[in-house]
Each structure stands twice: as C-alpha cells, then as structure tokens.
C-alpha cells in the first residue's frame, strides 16, 4: 500500500527519542507526554500521558508492570500500523522502551496481528539490532537500573483481540474475550499487574515527541486533538494509501487529496465507525468531531448503502466474541433487518425496533466492539432514510 | 483439638463463607435516591440488595464469580456514558446509581428479547416449565411479543445418551453459568466455549457426549442452569412401569438430603423436612416398601470405620504399604469418578466400601429377598437421592455382586417431586408414617451423612467409642463433633485419643489384638466438599502438605455435601444449602431427644444384620463380597475411538 504523503516519523532517528527520555526522570517523561496532548491513535482517544501516569502510580505486586503494544490492527479499512511496523519498527519499539522507562516496566510484549506474521522476522531482527545497540535489554544506554526487553506474541485472527482486555486475555493464554471494566488494565492488566496497552502509531509518535519536543507536537492539530495522524484511505478513490494529516483536517480535504471528491459518503473509523454523508463533509477528523483510529473508507456515488451496511454487519456477526447477549445476538438481528430492507420486506415498525436495538447495543454491550457495531447501520438509517426505505423486491 | 482453615481461596461456600476480615474502607453511594454505605469493592448488585432494591439478573449466580455477560442487570452509573452491569461493577468511589430508567428498561427488554429469540423454547413441554429464569424475566420485563423473532427449528443439539446429565443446547442462552460451574466452582473443566460470533457455543472437548469426557456427573451444571438446557436423565416412567407390573416387588430407599429438600418442590421454605410425609406419599405412589438409606449409612460407618482402623493398624503398625493413609471416603459417586479421572494413582487410598445406596441395594437383593421369599430377579430396587451421579453409580457394571444390579433406578429429588405431583399429591398435606422393617430404624449418624462433615462426624462417633470405650458425649457435648461441621471448603481437625484405651469390641476382636498402638495418638482428619476444594486438597497431598498427614478425609463432590447435590430442587445457594443442613442436624438432635440411637454402631437393625447375615463381621468375607468394591483408573483422556458408533444427535 502506497504511502502518499511525506511521513514526519520517517525523519525521526532511532535512539533519539529514547536518549532524550532518559535525560529526564520518569515523571518528567510522563509530564512531557501529557504536555504534548497526544491521545490514543487506536481510536479510543484516551490521553497517553494519563494512562502512563495511572500505570506508574498503580500498586504493583512484586514490582511488575507491563508495556503492551497493540499491533492487532484488525479494523476493516485500516493498514497504517502495518506500514509503521514494516518501515519504522525502531520507532515503535522505542516508544515501548520509553513507556517502560516512564512506568517502571521490565517486560514488554508486541501483540502482532496473526495475518502480519510475515513481518515477524524483520521485527525480531530489529529487536536484535536494538539489543546490540544498547537500546534494549539489560542496562539500556548504560543505565544499570534500566532493564527492559520486548517479545513478540502472535495473535490468531480474532478481531476482538484488538480490544485491550481481550488482547490481555489472549496474551495470558486464554480465549480472547473482553474483561469487565473496572478494574482497568492500568491497575489490573496482564497477570493482574499494572499494564499500559498502546497502539503502534501512538508509540511511534511518542518517540517523535521525545525527540522533537512536546511543544512541536502540541502545536499541530486542534486544541483537543493535537499532532499529526496517519489515515488509511481506501474505497472509491483514485489514490488509496496511507496519508499523514494534522488532526482537525476536514473530510473534504482528505477526499480531495485522495481523489474521491465525488463520494456519496465516507465511513470514518472502519466497520465500527460512522457513515458520514456528503452534506457533512465539512466536518473535521478529530477526537471532538469525527473520531477515527485511522480508517477512512470512501463510498462512491453508485454504491448501495445497504450493501455497504450488510458487508460490515456480516463482519460483526462473525467477529463478535459471543460473550454478551446484545453483541452476539443483536448483530445477527441487525443483519437480518438489513437483508429485509434490501428485499423491501422491512416494515417501518420493524425498522424502529431495530434502531432501538442498535441503541441498546451501543449502551449495553460489554466492550467497544458491541457498542460500536451498530454505528454504521444507525448512521445510514439516520442519513439515508429515503434511499433505504420503500424498496420492493423488484428493485433489488 | 483444633479446626483450621487451609490457605487459599474457598471456592464453594458462597455468601455465608467465613471471609478473611480485612479492614476495608466504606464508600457512600446513592441508589435510586437511597444512600447506603458499602465496603469498597462491593458490587452495585449487592449494594442495591443491601438497601432492599431488586435488580434482575440472569448470568449472575451467588455460587459463581461474576461474568457480566448477559447484560440483564445493567444500570445507570454517574460518570459513565454506557449502562454498567451491576453484578460486575465494583464500587470504589462515591456514585449515583439508577437501577430503573427508560434507557435501562429498553435495554433490559431488548436483551431479554434477544435471549428469547435464540432460545428454542418449547416452553410447554420443557422440564423447567414454571421454574425457568428466562420465562420469569420475559414475563416481568415487558417481552410482550417476539420482537426479534424466535427459533422455529431445533439445532439438533441434544446429548441425552449419558447416564446422568442431559444437555439440550437448543435451550441454551449462553449465560456461561454451566461453564463457570464446571470450571470454577467444581474445577472439572469439561465444559467450555467454542466458536465466535453467532457460532459461539458451549461445548465439551471436540463436542463429545458428556459420557465420553471426564464429566463426573455431579450435576452442578444442572442446578446452576437458568433454563432447561441442562437436566438430569428422567427414569420416572421406568419406575412407574415397574410399580404397575404385578410380578415386580418394588422397594425404595430414601436418602436424608432429599427429605430435607423435597418440600421446596411443593413451595415449602428450604429446610422444611418431609421425611415422614414422604413415606406416606411413596406408599400412595405404590412402592411396596419404603426403607431408610440411613440404615446403610450406619452400615457404611461400621464397615468404613473398621476399614480405617484396620488400614491404620496395617500401615502404621505392620508397615503394609499397600494400605496407604489417608483413607478417603467413597460415599460420593461424583467424588469417586473425580478421583478415577484426575488422581487415579490415589485410588488405593479410597475406601473400598460401596456407598450407602449400593450397600442397601446389595442387601435388598440378597438378605431381604431371601428373608421375604422374593426372587431377587423380581425385586426392583429404587433409590431417592439428591444426586445425578447416583444414576451413573447405579449403572456401574461392577456393582452387581448379588448377580443383579444393586440399584435399578436412582431417582433425584426433582424426579420424585414430579412423580408426586403427577399423582396429584401435595406432600405437605400428607399424614406422617414410618419406614418399613427390617431396615426401619436408623441412627442420627446416618441422617447427618447428608451434609458436609456428616460422614466424618458419624465415623468419629463410632471410631472413638470403639477405641476408647468411652462415650462420645464424654468428649463432645451432646456428641456433636462441631470441629468437622460447617461450610468451610476444606476443614481440618485434630482429635487426640486419650492415654487410656478400651478393650477391642467383640465385633472387631478377630481383626486387631488391642488398641495400645492408638494411645495418645492424634487423629488428623479433614472434610472437603466441592471438587474445586478436592483439587486443592489433592494437590496439597501430592506436595506432601498438611493434608497428606491426615488419617481420614471425607470428600463430597458437591458444595455443601449431598444437600447441595445435583439432583436437588432448583435453585441452589449457600443460604438454601445451609437451611437444608440445619434440617438435617435438627433431625439428628431429635433422635437424641427421643431416645433413639445417634451412633451407627448402636443401630439395632445393623447389629441384627451382623448377627444374622454378615456373620463374619465388618470387613469379613460376606461383607467384602457384597458391600465393598473396586475402582477404575480412568485418566482424563478418553479414547474416543473406543466409544460406540451411536452419535449424539436427535
């Protein structure tokens, strides 16, 4: 997949961020990360500095704390982490090492998406290089008190394992199913120890923040959405690929850059994101407006939105972990409803029930997967009511 | 004398367990406008119950760790965008909680509607019709039509070929209570979750029938299932057919635990004993004779107590390593199958005594048949048990020493409730009547077999008197050996034999020369219930820990012992089990107050049996032939290729 814009991260030298970090004390690193304003690049948008602060402050039995890199990039339509892992793995591992320094961890795990197994050898080679360069392992950068190493664990193809507590279950050798929260992983994470789980891109940006300064990062983007963001742009565009934009950029501008100006709608945030109609293309990609982990799927003018919704819904029916009722059964019912709509067999009353069900799934599902799974369907119903209703079997 | 708790988490005792008293801060929360102070870490559900509010639940069960998966108990919590599961949300900071709002009502109705839609109901013909948590929730929370449709075709997912437990996954709503019961409460681990999304299912290893995996038939999954997905094999039709067959002589023995619980099948409070009304009811159903399993419980104590003393003598005095100590009890068929699967190397430690059910059966088809001039081939031996594993035990091929199965049908408390109801009998309305001779009278020791610690207490009452020549009452007030009572998961107690020992009683005189070797010896005993606790204790024994030094350990597969058995009325909880146990100990105390025997070796019918039939005494040749058995090392791997070709489909 092509990288379409210059990558700021490509200009960050390996080791630079870590050297800058160890020049500060751990609290100073956390303060700096907080100052940068960086929020989780996986989509949830939690403050990275606050997450580290909580993990550092949590009671750690036997002094164990873990740094986990969530490289289970599974959201349909996102592929920017794959580019980082392939081209800039040093920055990802460096971000983990900085996190370890900040929270006081000796062990890090990169949880790698099963389908990315072909990247594994190159990643292992990168880890070996970093060990021999004193950037990883015992006495990092000559500091006898700074010992931290990273191992890679492969996922096995479950989308839900990108949810951080399901990921931890999987790491511990169990079925990948989300846990009840609270307690949160920063307090009770891997093997019940305080654990920070961060996205690949977040960790790479942390390396850049330490190398280039928190002020540099905070100056980009909007007040509540600082820094640049990588977007994976796919669908009905002439130039699909990975793009870097400052947060706060409008959907319009994104479409312009990618060659999709004629789009009918854009699904921002992947399967669990939202379907934004053309009328709203002036909205901004940012945590406070249209939030995304990076997936931007462009829907061209000739697409049937119900077909799009059906495609996404089939994905959730397969990928729900099956644990909680709203997600396990609710997604099946929404899918049945979409198919009824396509056949022109869904009454308005039935559609109303489905929308209520979607609302229930959003507020009563156990994890983010179930909570966001009806989003695309609900936003299509909200914005394209005329297009989806009133079909008869003949128009299908 | 001391009673101590081993370290580790007590898995089975639920709400009324002695919890380590750690100073915990309290947190103030407001629930539906009511303020309440709760210990930090209390779930919203428990906090709501503390202030008298009711929140509906489904996947939650007081015996099990919270799962938070059904989403029925969701509530509004201040500061949280989404609804939170009250069972799994610990209160650690002041919160404002609303248990009922329009959002909550809509969510609950949707969630219950979704469950109804994936449940292939057949309510009208379901064994749980009228006692189903899903039915109740649907009625209470406005599931007024099938919003999300219903399943109209069976998934053909029935495992009804085992001896004890029937799994009908068409009725499963994936609350995971059986999975948590099997893995956490009982530490067996034959049920798990497979698949993902809409293919998620509860399964055994490779989807094999329960009879082909290391299931111990304890039936705890049945008692913890909210719907009819898990039930016990039903033998009531076979029993009825036998009763109607004029050529058959149908006798039934009733165990103490079902008598303390069957009232619940007729709307009585848990702990309402129905022993004497039941005798009348069984006669009305048409059983020819009604016997008391406590008789053979007393007999078990004589045999097992003798075996213990012999084993200690051979092991400790004669150095015979083939008689390993500690001796493990063998009354619980779930426990027996557990050790056959999980710790087969310890089978020599298991008492060779058959369980009271089987001892009774063997005597019915020999001594009783002979004395009453009935052809044993025409005797149908039925038992009323609190237990689903008793069905498997009755089917064991080795338990046929008379030439016939000791027991033909083992009925659960629930099956008997059904038989009585079908007959139009309301049990509490019946007059009382006594058991039939020749097994009529039992001792109080037989009664307490039904509760955890009961076998141990009964055995100690007899062993202490055999050895010391003293009365148990001289050592323990009212002969209540309280250190072995109670619901701690694994109880440990030490009982020191006085320096003066008595003469060897006549009944044992041919087995040991004297008791001198027991002078001043501290008997170490333990009482364990629930197989997760059995796991802890067995691992401790393997590691050479405290329990390896015991002389005798009572193991019961089910939480609370037989009163919490897998054949008992549903629901179950620590409070319900405690109420049933209370009824059982009250019956024992009543024996004392009314001048009846409270010790097994004082049971006149048992003494008569040794005088007339088992003339070579306890652990003698006849008793070995009829009352003792051997075990099968099974391991946890079952050879699937060796199973029959019958497939588990409907």
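The values are calculated or read from the model by the stated rules, or taken from the named source; none is laboratory data. What you see is a predicted model; the values in this text were computed from it and never measured. Cβ sites come from the backbone with ideal geometry, for glycine too, and all protein chains shown count toward neighbours.
Numbers at a glance
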quantity: Options B:97, B:55: the member that is touching a residue at least 24 places away in the same chain (Cβ under 8 Å), under 26 Å from residue B:229 (Cβ atoms) and either more than 13 Å from every other protein chain (Cβ to nearest Cβ) or touching a strand residue (DSSP E or B) at 6+ places or on another chain (Cβ under 7 Å) (or both); calculated: B:55
quantity: Unmet criterion (only one of (1) within 9 Å of chain A (Cβ to nearest Cβ); (2) not in a loop (DSSP other than H, G, I, E, B)) for residue B:139; calculated: (1)
quantity: Scan of segment A:87-119 for residues that are touching a residue at least 60 places away in the same chain (Cβ under 8 Å), part of a strand (DSSP E or B) and farther than 15 Å from residue A:156 by Cα, ordered by number; calculated: A:109
quantity: Residue in segment A:303-312 that is surrounded by 24 or more Cβ atoms within 10 Å (Cβ to Cβ), within 14 Å of another protein chain (Cβ to nearest Cβ), under 23 Å from the mean Cα position of the chain (by Cα) and part of a helix (DSSP H, G or I) present; calculated: yes
quantity: Considering residues of segment A:350-364 that are more than 10 Å from chain B (Cβ to nearest Cβ) and over 27 Å from the mean Cα position of the chain (by Cα) only, the residue surrounded by the most Cβ atoms within 10 Å (Cβ to Cβ); calculated: A:351
quantity: Leading residue by the ranking (surrounded by the most Cβ atoms within 10 Å (Cβ to Cβ)) among those in segment A:62-80 that are closer than 19 Å to residue A:155 by Cα and out of contact with any strand residue (DSSP E or B) (no Cβ under 6 Å at 6 or more places or on another chain); calculated: A:73
quantity: Every residue from segment A:323-337 that is more than 7 Å from chain B (Cβ to nearest Cβ) and either touching a strand residue (DSSP E or B) at 6+ places or on another chain (Cβ under 6 Å) or buried (at least 24 other Cβ atoms within 10 Å of the Cβ) (or both); calculated: A:327, A:331, A:334, A:337
quantity: Residue that is modelled with pLDDT under 95 and within 14 Å of another protein chain (Cβ to nearest Cβ), where the choices are A:373, A:320, A:347; calculated: A:347
quantity: Failed item in (1) touching a residue at least 40 places away in the same chain (Cβ under 8 Å); (2) away from chain B (no Cβ under 12 Å); (3) surrounded by fewer than 22 Cβ atoms within 10 Å (Cβ to Cβ), with residue A:172 passing the rest; calculated: (1)
quantity: Options A:141, A:203: the member that is at positive phi, at pLDDT 95 or above and in contact with a helix residue (DSSP H, G or I) (Cβ under 9 Å, 6 or more places away or on another chain); calculated: A:141
quantity: Where a residue in segment A:223-244 is free of Cβ contacts under 8 Å to residues at least 24 places away in the same chain and its partner, wherever it lies, is assigned to a loop (DSSP other than H, G, I, E, B) and surrounded by fewer than 20 Cβ atoms within 10 Å (Cβ to Cβ), with Cβ under 6 Å and at least six apart; calculated: A:238/A:259
quantity: Residue satisfying all of: in segment B:153-182; touching a helix residue (DSSP H, G or I) at 6+ places or on another chain (Cβ under 7 Å) and assigned to a helix (DSSP H, G or I); farthest from the other protein chains (Cβ to nearest Cβ) among these; calculated: B:181
quantity: Test for residue A:346: is it farther than 22 Å from residue A:267 by Cα, crowded, with 18+ Cβ neighbours inside 10 Å and over 31 Å from the mean Cα position of the chain (by Cα); calculated: yes
quantity: Residue check for residue A:41: touching a strand residue (DSSP E or B) at 6+ places or on another chain (Cβ under 8 Å) and in a helix (DSSP H, G or I); calculated: no
quantity: Unmet criterion (only one of (1) surrounded by fewer than 18 Cβ atoms within 10 Å (Cβ to Cβ); (2) farther than 21 Å from residue B:220 by Cβ; (3) at pLDDT 95 or above) for residue B:550; calculated: (1)
quantity: Hits in segment B:476-496 (condition: surrounded by fewer than 19 Cβ atoms within 10 Å (Cβ to Cβ), in contact with a helix residue (DSSP H, G or I) (Cβ under 9 Å, 6 or more places away or on another chain) and over 22 Å from residue B:444 (Cα atoms)); calculated: B:494
quantity: Residue satisfying all of: in segment B:346-385; out of contact with any strand residue (DSSP E or B) (no Cβ under 7 Å at 6 or more places or on another chain) and surrounded by 24 or more Cβ atoms within 10 Å (Cβ to Cβ); farthest from residue B:217 (Cα to Cα) among these; calculated: B:363
quantity: Matching residues in segment A:26-38 - criterion: being in a helix (DSSP H, G or I) and crowded, with 23+ Cβ neighbours inside 10 Å; calculated: A:29, A:30, A:33, A:36
quantity: Filter pass, residue A:282 being closer than 25 Å to residue A:72 by Cα and touching a strand residue (DSSP E or B) at 6+ places or on another chain (Cβ under 9 Å); calculated: no
quantity: Residue in segment B:138-155 that is farther than 30 Å from residue B:103 by Cβ and in contact with a strand residue (DSSP E or B) (Cβ under 7 Å, 6 or more places away or on another chain) present; calculated: no
quantity: Flag for residue A:160 being farther than 23 Å from residue B:90 by Cβ, in contact (Cβ under 8 Å) with a residue 12 or more places away in the chain, within 14 Å of chain B (Cβ to nearest Cβ) and buried (at least 24 other Cβ atoms within 10 Å of the Cβ); calculated: yes
quantity: Segment A:225-251, residues that are within 18 Å of the chain's Cα centre (by Cα) and more than 21 Å from residue A:92 (Cβ to Cβ); calculated: A:225, A:233, A:234, A:246, A:248
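Quick grid of which residues meet (1) at positive phi; (2) at the interface with another protein chain (Cβ under 8 Å from one of its Cβ atoms); (3) in contact with a helix residue (DSSP H, G or I) (Cβ under 7 Å, 6 or more places away or on another chain); (4) not in a loop (DSSP other than H, G, I, E, B):
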| residue | (1), (2), (3), (4) |
| --- | --- |
| B:65 | no, no, yes, no |
| B:71 | yes, yes, yes, no |
| B:76 | no, no, yes, yes |
| B:82 | no, yes, yes, no |
| B:92 | no, yes, no, no |
| B:103 | no, yes, yes, yes |
| B:108 | no, no, no, yes |
| B:117 | no, yes, yes, yes |
| B:130 | yes, no, no, no |
